[in-house]
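Worksheet for the structure shown next.
Every number in this text was worked out from the coordinates using simple rules, so none of it is lab data. As the structure is a prediction and not an experimental result, all values here were calculated from the model. Every residue, glycine as well, gets a Cβ built from its backbone with ideal geometry; the counts of neighbours run over all protein chains shown.
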Ligand SMILES: Nc1nc2c(ncn2[C@@H]2O[C@H](COP(=O)(O)OP(=O)(O)OP(=O)(O)O)[C@@H](O)[C@H]2O)c(=O)[nH]1
Ligand SMILES: [Mg+2]
């Protein structure tokens with residue numbers, strides 16, 4: 001049975017809103033990527049070197065990342081040989097199967113969030129300017145609140161004008177408390193306050209916003225260390241997650257950001273935002289495969305429920321939805 005058929009049976013049977021979110025959020029990538037793959041398989045009569053070369057180019061253009069593309073092409077060549085595939089149209093399903101394999105093979109660490117069973121869980125959100133940190137915190141607070149948890153937010157971006165208000169808007173929208181100080185105050189002091197408040201109000205989860213910082217600005221990176229130290233001192237073992245937010249529309253630059261942040265702080269997971277905003281959604285594979293940090297969530301839009309746990313099969317369905325639906 002083809003992989004498309006299996007995928008169809010597995011995920012399109014139930015009308016699942018999460019699957020639909022992936023399909024919708026990946027529209028730009030699907031139009032571009034699977035459009036090109038469709039065109040490729042229609043133009044070739046047999047699966048030869050030229051075919052693979054063109055496919056390689058398409059994958060690179062989709063931001064899958066050089067190393068990952070090479071790995072994928074090797075796997076594909078082996079599989080095509082093993083199954084003695086002649087017809088290029090049959091390769092399409094194999095491509096999607098290998099994409100899922102490659103993603104899941106990289107899954108060394110769990111993509112589940114490290115939530116404490118008892119007591120407070122503290123999560124720190126870091127990343128460069130404008131990547132979607134504050135929005136991600138808003139969306140996550142909505143998700144946790146719906147799960148019945150008591151959530152609080154810490155307005156640790158005391159630097160950018162309007163940042164505190166932006167977090168407060170999310171707090172009101174979702175219905176969770178925001179702990180803040182005046183603009184310009186020490187973010188470490190805000191964290192200290194927020195932790196005491198979260199403890200005394202018996203919150204389950206504290207989500208800490210931070211100012212956007214360029215990875216090459218030494219002072220701002222030092223400040224991050226201090227913020228983290230204060231959290232560690234107040235709660236042993238915290239922060240339980242340090243989430244690096246990366247903007248999918250920045251492509252390969254996101255990989256560079258991740259490498260630098262990884263050097264100064266223990267990044268435990270990635271949120272890849274704005275996957276809906278790019279036609280190059282292959283970046284999620286590059287991140288997974290080249291950074292070895294789990295992608296815990298992806299942003300598929302600006303709405304409260306547009307943050308979803310990453311799922312390789314739903315992702316591939318989002319890339320090849322039309323072909324999967326047609327599979328028999
Ligand atoms: N389409 C889309 N837009 C998003 C997503 N996530 C965030 N955004 C938008 O990206 C913009 C920046 O988001 P913020 O949350 O303010 O980013 P930030 O990292 O907190 O920015 P700074 O605090 O300035 O460093 C906003 O307009 C968000 O609505 C997403 O998943 N999809
Ligand atoms: Mg922000």
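Just to be sure I understand, how many residues within the range 40-65 are outside any helix (DSSP H, G or I) and either touching a strand residue (DSSP E or B) at 6+ places or on another chain (Cβ under 7 Å) or free of Cβ contacts under 8 Å to residues at least 12 places away in the same chain (or both)?
So the count comes out to 1.
Consider residue 246 carefully, then state whether it is touching a strand residue (DSSP E or B) at 6+ places or on another chain (Cβ under 7 Å), under 30 Å from residue 64 (Cβ atoms), within 16 Å of ligand 2 (Cβ to nearest atom) and touching a residue at least 24 places away in the same chain (Cβ under 8 Å).
yes
Go through the range 259-270 residue by residue and tally those that are surrounded by fewer than 20 Cβ atoms within 10 Å (Cβ to Cβ) and free of Cβ contacts under 8 Å to residues at least 60 places away in the same chain.
6
What's the number of the only condition in (1) closer than 28 Å to residue 254 by Cα; (2) surrounded by fewer than 18 Cβ atoms within 10 Å (Cβ to Cβ); (3) within 16 Å of ligand 2 (Cβ to nearest atom) that residue 173 fails to meet?
Condition not satisfied by residue 173: (1).
Residues in the range 299-316 that are in contact with a strand residue (DSSP E or B) (Cβ under 7 Å, 6 or more places away or on another chain) and part of a loop (DSSP other than H, G, I, E, B): how many?
So the count comes out to 3.
Among the residues of the range 42-51, is there at least one that is under 28 Å from residue 277 (Cα atoms) and surrounded by 14 or more Cβ atoms within 10 Å (Cβ to Cβ)?
No, the range 42-51 has no match at all.
Within the set of pairs 6 or more residues apart or between chains, which connect a residue that is within 19 Å of residue 258 (Cβ to Cβ) inside the range 294-312 to a residue that is in a loop (DSSP other than H, G, I, E, B) and within 16 Å of ligand 2 (Cβ to nearest atom) with Cβ atoms less than 6 Å apart?
What qualifies is 299/132; 299/274.
Check whether at least one residue in the range 109-124 is surrounded by fewer than 24 Cβ atoms within 10 Å (Cβ to Cβ) and within 13 Å of ligand 2 (Cβ to nearest atom), and report yes or no.
No, that holds for no residue.
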